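Worksheet: one structure, shown below.
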Amino acid sequence: MKLAVFYDYLQTVGGGERVALTFAKRLGADLITTEFDPQLPARAGFEGVHVIPLGPLRPGPPMKQMHASWRFLRARFPGYDFYVLTGNWAPFAAKRHHPNLYYCLTPTRMFYDQREATLARQRALRRFAGSLWIRSHAALERRAVGHCDRITAISENVRERVRRYYGRESDVIYPPVRTSRLGFREIGDFWLSVSRLYPEKRIQLQLEAFRQLPSEKLVLVGGYSKGDLTERYVATLHPPPNVTLLGEVSDAELAELYARCRGFVTTALDEDFGITPVEAMAAGKAVLATNEGGYRETVVHGKTGYLLPPTPEAFAGTIRQLDDAALASMREACVARAREFDEDVFVDKMKAAIERRSG
């Protein structure tokens, strides 16, 4: 079967990018995208993936998102047996590419549950323009999704959003985690966080927690896509001396950080699913996560980590109570839990879904 995968853009290494690259690598698909860093597939551990770039985008929101939508809407790629669309703007290609399946990472949250928070961060004139854009582009997005033959969501949390915002039913196939590349080395002297540096990831919560823990260390790995005004947010972070912002690292470096950290911290607002906590568990490390969203579908409270209120005090208090022995005692349960979300499980389920829907 000749398969094509459409994905928004490949500029930084995150969960969505890993999903798209897994489709391409494991299912032998061509990966069609817009903005493309040619070094990214190798950096993420997906050498040899065939990428077809649609070209650069105009910088800055909302022009970048509008241009991406237009690129996919205008795309023409006949001759494939099946099309997978994933991301926020790639579904605009659905109208002209059938049969297809939309693997939904989440409905575009700035259009729905994060709309008010997104607008509140803007100045008055930009807020007015942003409100108009959100209203119009959200309607266009729903129309694009209407051309998707079937929808598969990455979690029960996202399935409920698909039902609420698109009025569509969907199956659930959890996203892939390459557990085989991860392993345990030691309970080290630093905690790890891996996250895009966006406000909805609540990085400030982590910084404030470790401001209360001067004897503990936090290493925060993650970047952001250019042209989305995130530089302004990052400039406001002001991490304390015991927090290190590493930016993006290679796949091998990240595996080493997972292997040697004490445990993992993640705080996103109503996370869609959350691949990084599963990666941490694959390395035998306990996860401290906010008690909401996709974290509830992966972290087993008291066995593979802790689900906590979204406050610095809750995270700081829990970290104070966890010594080496307590963290090491969760190792086997963490590894076993992570295997349930392994890449091979994902590939088998996606192959079955594609074959069933293309037949």
Which ones in the stretch 256-269 are of a type in the set (D, E, K, R) and not in a loop (DSSP other than H, G, I, E, B)? 256, 260
Can you pull out every residue in the stretch 328-348 that is buried (at least 20 other Cβ atoms within 10 Å of the Cβ) and part of a helix (DSSP H, G or I)? 334, 337, 338, 346
Let me spell it out: the conditions are (1) part of a helix (DSSP H, G or I); (2) of a type in the set (Val, Ile, Thr); (3) touching a Phe, Trp or Tyr at 6+ places or on another chain (Cβ under 8 Å), and residue 151 meets all of them except one. Which number is the exception? (1)
If a residue must be in contact (Cβ under 8 Å) with a residue 40 or more places away in the chain and surrounded by fewer than 22 Cβ atoms within 10 Å (Cβ to Cβ), how many such residues does the stretch 202-221 contain? 8
Qualifying residue in the stretch 1-8 (condition: farther than 20 Å from residue 140 by Cβ, under 18 Å from the mean Cα position of the chain (by Cα), at pLDDT 95 or above and crowded, with 20+ Cβ neighbours inside 10 Å): yes
Residue check, residue 232 touching a residue at least 60 places away in the same chain (Cβ under 8 Å), surrounded by fewer than 22 Cβ atoms within 10 Å (Cβ to Cβ) and not in a loop (DSSP other than H, G, I, E, B): no
Could you tell me whether residue 21 is of a type in the set (A, V, I, L, M, F, W, C) and assigned to a loop (DSSP other than H, G, I, E, B)? no
Is it the case that some residue within the stretch 301-324 is crowded, with 24+ Cβ neighbours inside 10 Å and in contact (Cβ under 8 Å) with a residue 40 or more places away in the chain? yes
Condition set out of contact with any Lys or Arg (no Cβ under 9 Å at 6 or more places or on another chain) and in a helix (DSSP H, G or I), scope the stretch 96-116, selection modelled with the lowest pLDDT: answer is 116
Looking across the stretch 117-148 at residues that are polar (S, T, N, Q) and assigned to a helix (DSSP H, G or I), the single one that is modelled with the lowest pLDDT is 118
Suppose we keep only residues that are touching a Lys or Arg at 6+ places or on another chain (Cβ under 7 Å) and in a helix (DSSP H, G or I) within the stretch 154-179. Which one would you say is farthest from residue 142 (Cα to Cα)? 179
Please determine, by comparing only the residues of the stretch 314-344 that are of a type in the set (A, V, I, L, M, F, W, C) and in contact with a strand residue (DSSP E or B) (Cβ under 9 Å, 6 or more places away or on another chain), which one is nearest to residue 23 (Cα to Cα). 341
If the requirement is being touching a residue at least 12 places away in the same chain (Cβ under 8 Å) and closer than 23 Å to residue 212 by Cα, which of these qualifies: 280, 268? 268
Consider the stretch 1-18. How many of its residues are outside any strand (DSSP E or B) and farther than 23 Å from residue 272 by Cα? 2
Confirm whether residue 253 is farther than 19 Å from residue 207 by Cβ, part of a helix (DSSP H, G or I) and of a type outside the set (Phe, Trp, Tyr). yes
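The values are calculated or read from the model by the stated rules, or taken from the named source; none is laboratory data. No experiment lies behind these values; they were computed from the predicted model shown. Cβ: placed from backbone, ideal geometry, glycine included. Neighbour counts: every protein chain shown.
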